[in-house]
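Here the structure is laid out as structure tokens; the discussion comes afterwards.
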Amino acid sequence: MDKIIIEGNGPLAGSVKISGAKNAALPMFAATLLAPGATVLENVPDLMDTRTIAKLVEVLGARIEKTDDSTYAIDCVEIKNHEAPYSLVKTMRASCLVLGPLLARLGRAKVSLPGGCAIGERPIDQHLKGLSALGATIDLSHGYVDIHTSSRLKGARITMDIITVTGVMNIMMAAVLADGETVIENAAREPEVIALADFLRSMGANIKGDGTATITIEGVTSLKPASTTIIPDRIEAGTFMVAAAITGGDVTITNANPKHMSALSGKLKEAGCEISADDSKIHVLAKNGIEAVNVTTAPYPGFPTDMQAQFMALMSMARGASVIEETIFENRFMHVAELKRMGADIKLSGNSAMIKGIKKLSGAEVMATDLRASASLVLAGLSAEGRTVISRVYHLDRGYELMEKKLEKLGAIIRREPSGESKKQ
Ligand code: EPU
């Protein structure tokens, strides 16, 4: 397994280009299943997760060609298979995004139930509640969810018990081909939900209200293929903003959407960073040190849970004490033990972490436990004294494209040690 080795050094400086958003790309691949014909997806980040969803869509019958590093041509003329196998779903929970489109197109979808993962139990009951309200019959057996309908799905009024991003996406992708009107209340408002709605609209769907808590969908009888460009990754952009902050740097983040970054930008400003932005650029200047600020994660437009671990690394070396409360996932504190190995002073109590900032973290051997936890360790390593060695970086590769190359360009001393290299030396 690859390792990342970082020698903590001075402030990062320069500019970094943000890739397409993983969490916007994954539902787009699933949505291509809805229309018979050829689609082109551009600005797709080259990640383990995007490769997995491409493989899944291929297993279901699509013909896929990667025409360059970030462009996929996907032909969904013939979708014959309705089953997403365990071998793929176990590596990526977002595989369950094919449930809605398969049900709408084929009247049947069988997907291995995603198990719990490092950040929490993560059930899909809300996805199933919505699909069942649209008229589907659901059988759960042998570790699979088997959803079917013998007639066209029927529009329904659905109130989500909790706000779920992929849950609302699945219901939207089923409802676009249902008979009549579907109203989803208490819907997620994330930019990735709007991006999916935009893509579905360009395929001929009739969707209103995305980006608000009530989404209304008037079903149509068929959709035509369309092409799209994936929106910038707001979590990658946020991670680089924190990289600038934690190293006292001066970094310009390009190809980003500053409108998606309000909660994080606000917190970084409170912490003492100077932040300015135009249409697609964000500039972060952190010359006066970092003050402690409290953060509570919340659905968009609140502070993203996907930035919680990275922000905790920053608070570990802030002036003063802060509290970070995690309200989305019950177990998203796996990075705490690793940050403590680097000297961080953090106490956990239920879903809150109390962090007393220290002057300097110290480099150590640490282990990545999930995607965003890995990013927090990289950030900690950049600002720490001495060498940090992060193992199990395959977690990082699920969601960050060329992270160490991008950091190196900003002046970080960072390298990847491919598995087996240390043995060869
Ligand atoms: N939940 C349920 N029942 C459901 C669905 C969700 O109880 O049917 C709970 C979850 O267990 C969680 C909360 O609701 O406690 C919110 O989960 P949500 O469904 O919104 O998460 P998700 O759709 O599975 C997406 C992102 C995550 C991101 C969350 C929250 C994708 C592919 N994944 O997951 O991204 O953390 O929304 O914003 O879009 C990441 O990129 O590192 C990542 C984990």
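Nothing in this text is a laboratory measurement; each read-out follows from the coordinates by a stated rule. Since we're looking at a predicted model, the values are computed, not measured. As a convention, Cβ positions derive from the backbone with ideal geometry for all residues, glycine included, and neighbour counts pool all protein chains shown.
Could you give the length gained on full extension between residue 75 and residue 409, defined as 0.36 nm per residue of separation minus the Cα-Cα distance, in nm?
Numbers: separation 334, 0.36 × 334 = 120.24 nm, distance 3.69 nm.
Result: 116.6 nm gained on full extension.
The modelled label-to-label distance between residue 392 and residue 291, using points 7 Å beyond Cα along the C-beta direction, is 3.7 nm.
For the pair residue 279 and residue 1, label points projected 7 Å from Cα toward Cβ lie 4.4 nm apart.
In percent, what relative contact order does the chain have, based on Cα pairs under 8 Å that are 6 or more apart in sequence?
Numbers: 1063 pairs, mean separation 88.6, N = 425.
Computed over the chain, the figure is 21 percent.
The simple Förster model, with R0 at 45 Å and r as the Cβ-Cβ distance, assigns residue 352 and residue 67 a FRET efficiency of 0.40.
The residue list 216, 311, 280 was ranked by how far each Cα lies along the charge dipole of the chain toward its positive end, using unit charges on Cβ atoms, and 311 comes out on top. For residue 369, the amide hydrogen comes within under 5 Å of the amide hydrogens of 374, counting only partners 5 or more places away or on other chains and with H modelled in the peptide plane. Placing unit charges on the Cβ atoms of the charged side chains and taking the dipole of segment 22-229 about its Cα centre, the candidate lying farthest along the positive direction among 101, 153, 130 is 153.
The alpha-carbon of residue 359 sits under 25 angstrom from the alpha-carbons of these lysines, leaving out residues fewer than 8 places away in its chain: 267, 269, 287, 340, 347. Computed over the chain, the per-residue total of -39500 (n - 2.57) for DSSP H runs of n ≥ 4 gives a 222 nm mean residue ellipticity of -9000 deg cm²/dmol, rounded to 500.
Near the amide H of residue 19, within less than 5 Å, lie the amide hydrogens of 233, all on another chain or at least 5 residues away, with H placed in the peptide plane. Subtracting the Cα-Cα distance of residue 270 and residue 359 from 0.36 nm times their residue separation leaves 30.1 nm of extension gain. Sequence-ordered 3J(HN,Hα) estimates for segment 166-178 from the Karplus curve with 6.51, -1.76 and 1.60 and θ = phi - 60° stand at 5, x, 5, 5, 4, 5, 4, 5, 7, 5, 4, 10, 7 Hz, glycine and proline given as x.
Roughly what % of DSSP beta bridges within the chain run antiparallel, to the nearest 5?
Details: 57 of 79 bridges.
Percent antiparallel among DSSP bridges in the chain is about 70.
In terms of surrounding Cβ atoms within a 10 Å radius of their Cβ, 325, 401 rank from fewest to most as 325, 401.
Ordering 68, 345, 306 by the number of other Cβ atoms within 10 Å of each residue's own Cβ, fewest first, gives 68, 345, 306.
By how many nm would the segment from residue 150 to residue 298 grow when fully extended, if each residue of separation counts as 0.36 nm and the alpha-carbon distance is taken off? Display every interim value, and only then the final one.
Working: separation 148, 0.36 × 148 = 53.28 nm, distance 3.87 nm.
Result for the pair: 49.4 nm of gain on full extension.
Averaging Cα coordinates gives a centre for segment 26-104 and one for segment 337-408; these two points are 32 Å apart.
When 194, 390 are arranged by Cβ crowding within 10 Å, least crowded first, meaning fewest neighbours, the order is 194, 390.
Based on the Cβ-Cβ distance from residue 201 to residue 13, what FRET efficiency comes out when R0 is 35 Å, to the nearest 0.05? Efficiency, rounded to the nearest 0.05: 0.30.
Think of each Lys and Arg Cβ as +1 and each Asp and Glu Cβ as -1; about the Cα centre, that makes the dipole of the chain roughly 520 debye.
Sequence gap at least 6, Cα distance under 8 Å: using those rules, report the relative contact order of segment 22-229 to the nearest whole percent. Provide the component values of the computation, followed by the final result.
On the way: 465 pairs, mean separation 42.7, N = 208.
Computed value for segment 22-229: 21 percent relative contact order.
How big is the antiparallel share of DSSP beta bridges in segment 22-229, given as a percent to the nearest 5?
Values: 28 of 37 bridges.
Beta bridges within segment 22-229, antiparallel portion: roughly 75 percent.
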